[in-house]
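The values are calculated or read from the model by the stated rules, or taken from the named source; none is laboratory data. Quick caveat: nothing in here was measured; it's all calculated off a predicted structure. FYI the Cβ positions are ideal-geometry reconstructions off the backbone, even for glycines, and counts take in every protein chain you see.
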Amino acid sequence: MSNPGDADATPITSVRQLAEHIAVGCKPRDQFSLGTEHEKFGFSMATLASPPYEPAPGAPGSIRGVLEGIAGNAPPGTWSPILDDGRPIGLNGPGYAAISLEPAGQLELSGGLMPDLHAARAELEAHYAEVRAAADPLGLGFAPLGFHPLNTRAQMPWMPKGRYAIMKAYMPKVGTMGLDMMTRTCTVQVNLDYASEADMVKKLRVALALQPLASAMFANSPFVEGKPSGFLSYRSLVWTDTDRARSGIPGVVFEEGFGFERYVEWLVDTVPMYFSYRDGRYVDLSGRSFRDFMEGRLGVAEAGVATMGVAEAGVATVGDFADHMTTAFTDARLKRYIEMRGADAGSAEMMIAQSAFWVGLFYDDAALAAASALVRAHPWTEFAALRLLVPRTALDTPWQKGTLRDLMREALAIARDGLRARARRDGRGRDETLHLAPLEAIAAGAPTQAEHWLDRYHGTWRGDVTHLLREAAI
């Protein structure tokens, strides 16, 4: 989730204006880049407890301390604090990079724009080194896992971000697991470019259709509150009952004539609001219609919907719409780029493999054509149906006459060809296909990350999940 502040105060005049706001993201192919985002849980190395925002008596480790440590250890001017009501809740860094906090203090790097996967891997390693240098003196570790393996919801801390207070109150009204999504999940995503509206449509359809496959390939959340849950990706299960009005695989993307304007119409008519951001604070507009906001109708009382804050929200702006786009939680999300959101956080190798998979499918024309053909061979509803199945069985989920591992092999072969065609080489002359290595092993029959941890649980750990955080730590 983003930090506060798109400052574009331009009043909204039409849906077309908002479509053009998104269309600014179209780039020439030779300017395509990639940006990664990845999250991890903090924990006390001594007690495994989740660190609070501020230091607690007898427990000096805190999320605020980690942010301040990262900024303080870097050369002056490298990181600048992002403030919410005067408190640091993130850092702005070089280029487009930023560090932000998820609701329970999950630390997220929103990486800069990288030219290739080799650079993205180097950025991840540099970030991990920064986090360790700040966290180690505080007695903290960080572990990238899809769902917190030990804590109950009540044991997770809350960060002092205004938007999270609004969401915390609203989530239980629209689903049973929204608060778990906020506090007990971590993901990894890659953000990729499109060249035109037609290119966006093709990529978004492939991204949404294959996102359940990604959830299966990167399953890494088999434990809940210290025990096996019966699911390989419990994080994926959480998303099935978080808020169905703003998550999942929206059918509108597969309709004839879909494009930027149709996407805007879906956002403003279907996705309820959370807030507007005014004068340094969030105004609660949860459950209200963005269409009503942009057309000046929020003053009209609606049954069961609070009217407090309506006057403070004022006139809807392009900045409000930019914020509203961040509150659509679809499996792949359209902004001025496309976000792939279906994977559990995991090992560094697997998080770069997630980027490699999608870069291979999207950034070579022949590969994208092959991926599109693979998706068009089936109704989109067949892919959507997988969302309810993969949380439990991941790659063993039935697909056609086999399992999803068969679909994985097809998609992975396309991605491999796409990366070879890109021919982006590192200092040792290796192309980007090297980053697919962990997926190649899984496609050949190796266990997923979740299955690996379950093997550890039933074997070496002797039923004690407390080993996981330290073993998974960065």
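What's the total number of residues in the stretch 57-80 that are exposed (fewer than 14 other Cβ atoms within 10 Å of the Cβ) and under 25 Å from the mean Cα position of the chain (by Cα)?
Adding up the residues that qualify gives 1.
If I go through the stretch 220-253 residue by residue, how many of them are under 11 Å from D344 (Cβ atoms) and of a type in the set (D, E, K, R)?
Number of matching residues: 1.
Name the single residue, out of those in the stretch 100-130 being assigned to a helix (DSSP H, G or I) and in contact with a Lys or Arg (Cβ under 8 Å, 6 or more places away or on another chain), that is surrounded by the most Cβ atoms within 10 Å (Cβ to Cβ). Break it down stepwise before answering.
Of all residues in the stretch 100-130, those assigned to a helix (DSSP H, G or I) come to 117-130.
Subset that is in contact with a Lys or Arg (Cβ under 8 Å, 6 or more places away or on another chain): 117-118.
Working: L117: 27, H118: 20.
Looking at the filtered set, the residue picked out is L117.
Could you pull out the residue among A245, A209 that is assigned to a loop (DSSP other than H, G, I, E, B), farther than 19 Å from E37 by Cβ and not charged (D, E, K, R)? Reasoning before the result, please.
Working: A209 fails: assigned to a loop (DSSP other than H, G, I, E, B).
It is A245.
Tell me, which residue of the stretch 54-96 that is outside any strand (DSSP E or B) and in contact with a Phe, Trp or Tyr (Cβ under 8 Å, 6 or more places away or on another chain) is farthest from F142 (Cα to Cα)? Walk me through it before giving the result.
Step one: list which residues in the stretch 54-96 are outside any strand (DSSP E or B), which gives 54-55, 57-58, 60-79, 85-86, 93-96.
The next check asks that each one be in contact with a Phe, Trp or Tyr (Cβ under 8 Å, 6 or more places away or on another chain); those that pass are 62-64, 70-71, 93.
On the way: S62: 12, I63: 11, R64: 14, I70: 14, A71: 17, G93: 20 Å.
The extreme case among them is G93.
Regarding L192, is this residue within 27 Å of Y337 (Cβ to Cβ) and either touching a Leu at 6+ places or on another chain (Cβ under 7 Å) or not hydrophobic (A, V, I, L, M, F, W, C) (or both)? If you could, list the steps in order and put the result at the bottom.
On the way: within 27 Å of Y337 (Cβ to Cβ): yes; either touching a Leu at 6+ places or on another chain (Cβ under 7 Å) or not hydrophobic (A, V, I, L, M, F, W, C) (or both): yes.
Yes.
Going by what's in this entry, would P52 be described as surrounded by 13 or more Cβ atoms within 10 Å (Cβ to Cβ), touching a Pro at 6+ places or on another chain (Cβ under 6 Å) and in contact (Cβ under 8 Å) with a residue 40 or more places away in the chain? Explain how you work it out, then say what you get.
On the way: surrounded by 13 or more Cβ atoms within 10 Å (Cβ to Cβ): yes; touching a Pro at 6+ places or on another chain (Cβ under 6 Å): yes; in contact (Cβ under 8 Å) with a residue 40 or more places away in the chain: yes.
Answer is yes for this residue.
Let's see how each residue does on (1) touching a residue at least 12 places away in the same chain (Cβ under 8 Å); (2) under 30 Å from V283 (Cβ atoms):
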{"residue": "L334", "(1), (2)": "yes, yes"}
{"residue": "E349", "(1), (2)": "yes, no"}
{"residue": "A366", "(1), (2)": "yes, no"}
{"residue": "E382", "(1), (2)": "no, no"}
{"residue": "T393", "(1), (2)": "yes, no"}
{"residue": "G429", "(1), (2)": "no, no"}
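Please go through the stretch 285-323 and give me each residue that is modelled with pLDDT of 95 or more and under 15 Å from K173 (Cβ atoms), ordered by number.
Residues satisfying the conditions are L285, S286, G287, R288.
Which residues, counting only those in the stretch 422-439, are within 15 Å of L361 (Cα to Cα) and surrounded by fewer than 12 Cβ atoms within 10 Å (Cβ to Cβ)?
Residue satisfying the conditions is A423 alone.
Of the numbered conditions (1) buried (at least 20 other Cβ atoms within 10 Å of the Cβ); (2) touching a Pro at 6+ places or on another chain (Cβ under 6 Å), Q449 fails exactly one; give the number of that condition.
Unmet for Q449, out of (1) buried (at least 20 other Cβ atoms within 10 Å of the Cβ); (2) touching a Pro at 6+ places or on another chain (Cβ under 6 Å): (2).
Report the residue count in the stretch 395-422 for those that are out of contact with any strand residue (DSSP E or B) (no Cβ under 6 Å at 6 or more places or on another chain) and either under 13 Å from V206 (Cα atoms) or hydrophobic (A, V, I, L, M, F, W, C) (or both).
Counting residues in the stretch 395-422 that are out of contact with any strand residue (DSSP E or B) (no Cβ under 6 Å at 6 or more places or on another chain) and either under 13 Å from V206 (Cα atoms) or hydrophobic (A, V, I, L, M, F, W, C) (or both) gives 11.
Condition first: under 21 Å from L150 (Cα atoms) and in contact with a helix residue (DSSP H, G or I) (Cβ under 6 Å, 6 or more places away or on another chain). Now tell me which residues in the stretch 61-84 satisfy that.
So in the stretch 61-84, the residues under 21 Å from L150 (Cα atoms) come out as 61-63.
Hit for the stretch 61-84 is G61, nothing else.
I'd like to verify a number: residues in the stretch 418-474 that are in a helix (DSSP H, G or I) and under 21 Å from P228 (Cβ atoms), how many?
Our first condition is that a residue be in a helix (DSSP H, G or I); within the stretch 418-474, this holds for 418-422, 432-443, 449-458, 467-472.
Within this subset, residues satisfying the condition of being under 21 Å from P228 (Cβ atoms) are 442, 449-458, 467-472.
Matching residues across the stretch 418-474 total 17.
Suppose we keep only residues that are under 20 Å from A415 (Cβ atoms) and aromatic (F, W, Y) within the stretch 183-228. Which one would you say is surrounded by the fewest Cβ atoms within 10 Å (Cβ to Cβ)?
Y194
Inside the stretch 396-418, can you point out the residues that are in contact with a Leu (Cβ under 7 Å, 6 or more places away or on another chain) and either surrounded by fewer than 17 Cβ atoms within 10 Å (Cβ to Cβ) or hydrophobic (A, V, I, L, M, F, W, C) (or both)?
Within the stretch 396-418, the subset in contact with a Leu (Cβ under 7 Å, 6 or more places away or on another chain) is 397, 399, 403-405, 407-408, 410-412, 414-416, 418.
Selection gives W399, T403, L404, L407, M408, E410, A411, L412, I414, A415.
Being under 23 Å from Y363 (Cα atoms), aliphatic (A, V, I, L, M) and at pLDDT 95 or above narrows it down to one residue among L124, L101; which is it?
None of the others qualify; the one that does is L124.
So how many residues does the stretch 159-198 have that are assigned to a helix (DSSP H, G or I), charged (D, E, K, R) and either under 23 Å from E382 (Cα atoms) or in contact with a strand residue (DSSP E or B) (Cβ under 9 Å, 6 or more places away or on another chain) (or both)? Give the derivation first.
Filtering the stretch 159-198 down to residues assigned to a helix (DSSP H, G or I) leaves 162-173, 178-184, 197-198.
Narrowing the set further to residues that are charged (D, E, K, R) leaves 163, 168, 173, 180, 184, 197.
Checking which are either under 23 Å from E382 (Cα atoms) or in contact with a strand residue (DSSP E or B) (Cβ under 9 Å, 6 or more places away or on another chain) (or both) leaves us with 163, 180, 184.
Number satisfying all stated conditions: 3.
Tell me yes or no: at least one residue of the stretch 32-43 is outside any loop (DSSP other than H, G, I, E, B), of a type outside the set (K, R) and surrounded by fewer than 17 Cβ atoms within 10 Å (Cβ to Cβ). It would help to see each step written out before you state the result.
Going through the stretch 32-43, the residues outside any loop (DSSP other than H, G, I, E, B) turn out to be 34-43.
In the following step, the residues that additionally are of a type outside the set (K, R) were identified as 34-39, 41-43.
In the following step, the residues that additionally are surrounded by fewer than 17 Cβ atoms within 10 Å (Cβ to Cβ) were identified as none.
No, that holds for no residue.
Identify all residues within the stretch 378-394 that are of a type in the set (A, V, I, L, M) and farther than 13 Å from A209 by Cα; write none if there are none. Outline the logic, then answer.
The first filter runs over the stretch 378-394 and keeps only residues of a type in the set (A, V, I, L, M), leaving 384-386, 388-390, 394.
Hits for the stretch 378-394 are L388, L389, V390, A394.
Quick one: how many residues across the stretch 232-260 are closer than 28 Å to A353 by Cβ and more than 20 Å from the chain's Cα centre (by Cα)?
Matching residues across the stretch 232-260 total 1.
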